[in-house]
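Derivation of every value follows stated rules applied to the coordinates shown; laboratory data play no part. The structure displayed is predicted, hence computed values, not measured ones. Using ideal geometry, Cβ is built from the backbone for each residue, glycine included, and neighbour counts are taken over all protein chains shown.
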Amino acid sequence: MSDSRPNPAPARRGFIRIVGSSAVIAAAAPLLPACSAMPDAATEPWRLAGRGEDVRRRLLSWAILAPNPHNLQPWMVELPADGSIVLFADPTRTLPMTDPPSRQLTLGHGAFLELLSMAAAADGLRAEIEPFPAGEPGPERLDARPVARVRLLREGARPDPLFAQAGVRTTWKTPFAERAVGPEALAALVVAATRPGVVASGTQAPERVAALNDIMVRAWDIEQRTPRTWKESVDLTRVGAAEIARHRDGISLGGTMMEALRLAGQMTPEKAMDPGSSYFKAGLDRVRSWVPGTGTWLWLVTPAAGRVPQLEAGRAFLRLQLQAAALGLVTQPPSQVLQEYPEMRALQREFEARVGQREGEKVQMLVRVGHPTGQAVRSPRRALQDVVRG
């Protein structure tokens, strides 16, 4: 699930080397003022979180900051007269190529519900969450029925200290610092991500880490070299401040260098889909740059059947990210090997054997953990009024 982006300076330098078109860049860059990696308008919801007189909207202003796949923000909310909050999946925000059964989208809804619950507790309320109150969708996809109904009760609230990290939580998308994650930190992350129905496991064993790093690279290659799955990411890529501010979702590529490359015609969807282009090659090399600094992996396992375990895994992942932030760490979930389409299945079986997935179980999340190399840049978010309907 994608989210806040790190300071892009190291990534820019690597991209420039890959593109190798210094003349084009030199010609374009002087035409542009210095541009931030993320326009302020796109991150306004982060600054407004927790404000407002209406309690439900105040809690939702936190929930919309939850991590979610491809930063689709795939949720819609209704606010009935009975004071509850009803969460739905937005049918216009799906990933039919890489997430045909909507499993990853369901995880994103789980993260939303966990952050909503934590915000409620901090406000002196207990969020009573009823999953799929009109019936659970089948394994094919989410449907028009609500994902959850949340009732806010005035007794039994237990504030969670991890909520203090909600405004600084991030998903890291460039190489980690070379410093190793301590085993005590891994243990704390496992505890934070273990909840009813979710078992968290991890490894720092060099041989096992190397095998998972290799699987990560091969899974990315499969996704990028399969045109229909790669196009799904390309279509959700927002290049430059204007596109980021207009959409406020998807995969953001901002900053002065990205603006220069866009102006020079080097950052178009056509270039991204062309296997001979520098843009395409940069995508393939991007994940390989992650490997040297990835020395810690975690994965979340639930029962395989049903949607509720997927919600629970999303809630667990949100807690894992908050605990990482509390420890000064960052996380990133490379989801490619878990995606359910035919070209990925053989590698997925290899991965499942590597982590010891048993009959009747499902690895819902795979997460790499490390130390950041700079300041995080918050990911864009749609305005709250765009999420609440009716």
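Any idea which of 224, 344, 239 is furthest toward the positive side of the dipole for the chain, if Lys and Arg beta-carbons carry +1 and Asp and Glu beta-carbons -1? In the chain, that residue is 239. Each of 171, 256 was scored by other Cβ atoms within 10 Å of its Cβ. Listed from fewest to most, they are 256, 171. Charge dipole (Cα centre; +1 on Lys/Arg Cβ, -1 on Asp/Glu Cβ; no other charges) of the chain amounts to roughly 580 debye. Remark: the residue 274-residue 214 segment gains 19.2 nm on full extension, using 0.36 nm per residue and subtracting the alpha carbon distance.
Ranking 294, 94, 331 by Cβ neighbours within 10 Å, fewest first, what do you get?
Values: 294 21, 94 18, 331 25.
The order, fewest Cβ neighbours first, is 94, 294, 331.
Taken as Cα centroids, the range 138-194 and the range 329-390 sit 12 Å apart, rounded to the nearest whole angstrom.
Tell me the mean residue ellipticity at 222 nm calculated for the chain from its helices only (DSSP H runs of n ≥ 4, each -39500 (n - 2.57), averaged over every residue, nearest 500).
Values: 14 runs with 153 residues, N = 390.
Rounded to the nearest 500, it is -12000 deg cm²/dmol.
Fewest-first ordering of 330, 181, 168 by other beta carbons within 10 Å of each residue's beta carbon gives 168, 181, 330. Inter-label distance, residue 228 to residue 347: 1.8 nm, where each label sits 7 Å from its Cα along the C-beta direction.
Size descriptors for the range 286-390: radius of gyration and Dmax over Cα atoms are 16.2, 49 Å. Helices meeting the span-like rule in the chain (full DSSP H runs, Cα extent of at least 20 Å along the helix axis, mean Kyte-Doolittle score of 0.0 or higher): 103-122, 308-326.
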